[in-house]
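Take a look at the structure below.
The values are calculated or read from the model by the stated rules, or taken from the named source; none is laboratory data. Only a predicted model underlies this, so the values are computations on that prediction, with no experimental measurement involved. Here the Cβ positions follow ideal geometry from the backbone for every residue, glycine too, while neighbour counts run over all protein chains shown. When the accessible area is computed, the model is the full protein with side chains, heavy atoms only, and any ligands, DNA or RNA have been set aside. Shrake-Rupley method; radii C 1.70, N 1.55, O 1.52, S 1.80 Å.
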Amino acid sequence: MNALIKSATVVDSKSDFHNEKVDILIEKGLISKIAKDLDNPKNYQEIKLHNLHVSQGWFDSSVSFGEPGYEDRETIANGLKTAANSGFTSVALNANSQPVIDNYAHITFVKSKADDNAVKLYPIGALTQMSKGEDLAELYDMTNAGAIAFYDYQQPISNPNLMKIALQYASNFDGLVCSFPQESKISGLGVVNEHINSTKLGLKGNPALAEELQVARDLFLLEYTEGKLHIPTISTAKSVELIRAAKAKKLNVTCSVAIHNLIFTDDVLEDFDTNYKVLPPLRTQPDCDALIEGLKDGTIDMVTTDHNPIDIEHKKIEFDFAKYGTIGLESAFGALQNIFTTKKTISILTQGKSRFGISESSINEGEHADLTLFNPDTNYEFNNTHISSRSKNSMFLGTKLKGETYGIIANNKIVLK
């Protein structure tokens with residue numbers, strides 16, 4: 001793949017050309033030349049776009065594509081196309097398919113479905129067999145097949161001894177264990193945040209305490225085992241405090257937050273719109289503020305869309321019975337720019353790769369072209385025309401967003417919308 005990007009502003013603090021408007025010559029997938037005004041004697045494809053900005057390729061640490069088993073919700077092929085259109089050059093795929101991705105063959109299968117794609121797919125294997133929380137899955141075999149971490153998607157490990165053993169066992173091969181932060185005996189049948197709004201709406205509450213107890217337990221187990229832990233999608237102020245304290249003690253822990261938990265509170269639930277039914281639930285404004293502060297000071301290591309397509313049959317029903325989940329790839333960039341500057345947004349979207357053992361490329365000569373192309377300055381209202389996922393369960397519908405993506409250049413391929 002050969003191309004010449006014209007007049008692009010580089011947004012990459014690791015680049016020698018950070019904040020400069022330059023041309024970027026790409027030959028056979030490598031950045032061969034960066035300068036102010038490059039000629040094109042070999043007549044390569046030229047990419048000229050309005051207010052073009054370019055950054056390192058974005059990474060999402062938690063996406064679900066349905067396949068195998070739930071292709072009606074999403075396929076891997078269309079999911080990767082959606083990721084590319086949304087600016088992501090690499091995604092970590094959750095194990096919540098049918099069958100659950102819990103062995104060598106399953107990891108090999110989902111990786112094969114992404115062969116020769118511009119977006120790199122990195123599978124996360126289930127932590128326990130069939131994600132039932134009873135017996136460890138084949139962690140080492142899945143590592144050999146290409147799994148980058150182990151996680152029972154949105155299924156808490158209730159047995160603390162099992163979590164202890166997982167942390168100890170995975171440390172033998174530097175495996176990353178992920179633990180969903182919820183104590184099920186406390187959360188019970190709760191479907192929204194336990195607070196004033198849950199009482200007003202007559203919906204069962206899932207208290208912040210359920211998350212915080214699990215976070216505290218897992219941090220104690222981490223300290224005991226000296227393992228390697230990632231806590232995905234935290235949602236409360238107290239969770240931020242607990243992880244901040246753990247990092248001060250030099251524990252090997254990272255965490256993420258879902259973009260929607262930064263932006264929406266449980267005040268949006270008054271219409272019983274099931275697109276707002278997510279796990280962990282939407283919390284309060286003080287929680288959002290604490291999560292944003294945690295991102296700014298580095299306590300929270302990465303954001304995720306927690307992209308989870310759900311078919312209409314499981315969303316257009318009573319709130320209590322609807323499935324949890326929202327799609328988020330298409331709205332990620334514009335939503336983050338409602339909170340942060342473009343520079344900070346790009347920093348957030350490019351964080352997290354190293355934690356999962358994924359290599360990074362800066363925008364410098366001689367590096368692999370792993371690039372996201374975007375315009376940070378457009379304003380629009382997010383609607384169904386912006387969704388390329390098979391399922392349309394987005395809580396961002398009707399939300400004003402800022403900035404659009406043009407596509408990606410990665411894995412020796414160009415994908416432009």
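To keep it simple, each residue is scored yes or no on (1) in contact (Cβ under 8 Å) with a residue 12 or more places away in the chain; (2) polar (S, T, N, Q); (3) closer than 27 Å to Ala322 by Cβ.
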site	(1), (2), (3)
Leu209	yes, no, yes
Lys238	yes, no, no
Ala248	no, no, no
Val253	yes, no, no
Ile263	yes, no, yes
Leu269	yes, no, yes
Asp273	yes, no, yes
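Scanning the range 270-305 for residues being in contact with a Leu (Cβ under 8 Å, 6 or more places away or on another chain) and closer than 22 Å to Leu329 by Cα gives a total of 10.
Checking the condition at pLDDT 95 or above, of a type in the set (Val, Ile, Thr) and over 22 Å from Ile339 (Cα atoms), which residue from Ile259, Ile231, Ile292, Ile263 passes? Just a single option satisfies the conditions, and that option is Ile231.
Restricting to the range 175-196, and then to whatever is open to solvent by 60 Å² or more (accessible area, probe 1.4 Å) and free of Cβ contacts under 8 Å to residues at least 60 places away in the same chain, can you tell me which residue is farthest from Met130 (Cα to Cα)? If we take residues in the range 175-196 being open to solvent by 60 Å² or more (accessible area, probe 1.4 Å) and free of Cβ contacts under 8 Å to residues at least 60 places away in the same chain, then Ile196 is farthest from Met130 (Cα to Cα).
The criterion of at least 3 residues that are within 29 Å of Gln129 (Cβ to Cβ) is met, among strands (runs of 3 or more DSSP E) falling completely within the range 46-115, by 58-63, 88-93.
Taking the range 225-241 as the range and being closer than 28 Å to Ser64 by Cα and either part of a loop (DSSP other than H, G, I, E, B) or open to solvent by 10 Å² or more (accessible area, probe 1.4 Å) (or both) as the test, the residues that pass are Gly227, Lys228, Pro232, Thr233, Ile234, Ser235, Thr236, Ala237, Lys238. Among the residues of the range 20-45, what is the count of those that are more than 16 Å from Glu365 (Cα to Cα) and assigned to a loop (DSSP other than H, G, I, E, B)? Going through the range 20-45 one residue at a time, the tally reaches 6. For the range 50-69, a residue qualifies if it is touching a residue at least 60 places away in the same chain (Cβ under 8 Å), open to solvent by 10 Å² or more (accessible area, probe 1.4 Å) and more than 22 Å from Thr345 (Cα to Cα), and exactly one does: Gly66. Of the residues in the range 126-139, not one is in a loop (DSSP other than H, G, I, E, B), buried (at least 23 other Cβ atoms within 10 Å of the Cβ) and at positive phi. Set side by side, the residues Asn384, Asn393, Asn379, Asn412 differ, and just one is of a type outside the set (Ser, Thr, Tyr) and under 22 Å from Glu46 (Cβ atoms), which is Asn412. Of the residues making up the range 397-415, those that are closer than 22 Å to Ser90 by Cβ, under 21 Å from the mean Cα position of the chain (by Cα) and not acidic (Asp, Glu) are Gly403, Thr405, Tyr406, Gly407, Ile408, Ile409, Ala410, Asn411, Val415. Taking Leu222 as the residue in question, decide whether it is without any contact (Cβ under 8 Å) to a residue 60 or more places away in the chain, part of a loop (DSSP other than H, G, I, E, B) and touching a helix residue (DSSP H, G or I) at 6+ places or on another chain (Cβ under 9 Å). Taking the combined requirement at face value, the residue does not satisfy it. When Thr405, Thr378, Thr345, Thr372 are checked against the criterion of being assigned to a helix (DSSP H, G or I), open to solvent by less than 40 Å² (accessible area, probe 1.4 Å) and hydroxyl-bearing (Ser, Thr, Tyr), a single residue qualifies: Thr345. For the range 1-17, filtered to residues that are within 25 Å of the chain's Cα centre (by Cα) and open to solvent by 50 Å² or more (accessible area, probe 1.4 Å), the residue that is nearest to Asn51 (Cα to Cα) is Ser13. Checked against (1) surrounded by fewer than 18 Cβ atoms within 10 Å (Cβ to Cβ); (2) on the phi > 0 side of the Ramachandran plot, Gly325 passes all but a single condition, namely (1). Filtered by the rule that a residue be open to solvent by less than 10 Å² (accessible area, probe 1.4 Å) and not acidic (Asp, Glu), the range 152-172 gives Ile157, Met163, Ala166, Leu167, Ala170.
Given the options Arg244, Arg217, name the one that is open to solvent by 10 Å² or more (accessible area, probe 1.4 Å), over 23 Å from Gly125 (Cβ atoms) and assigned to a helix (DSSP H, G or I).
That would be Arg244, the only listed residue that is open to solvent by 10 Å² or more (accessible area, probe 1.4 Å), over 23 Å from Gly125 (Cβ atoms) and assigned to a helix (DSSP H, G or I).
Answer yes or no as to whether Gly352 is modelled with pLDDT of 95 or more, buried (at least 21 other Cβ atoms within 10 Å of the Cβ) and of a type outside the set (S, T, N, Q). Yes: the conditions hold for Gly352.
Look at (1) open to solvent by 10 Å² or more (accessible area, probe 1.4 Å); (2) over 29 Å from Thr385 (Cβ atoms) and you find that Lys113 fails only one, number (2). Among the residues of the range 150-162, those that are assigned to a helix (DSSP H, G or I) and under 13 Å from Asp135 (Cβ atoms) comprise Asn161, Leu162.
When restricted to residues that are within 21 Å of Leu349 (Cα to Cα) and loosely packed, with under 15 Cβ neighbours inside 10 Å, the range 261-304 contains 5.
Residue check: Thr385 meets all listed conditions (1) on the phi < 0 side of the Ramachandran plot; (2) in contact (Cβ under 8 Å) with a residue 40 or more places away in the chain; (3) outside any loop (DSSP other than H, G, I, E, B) but one, namely (2).
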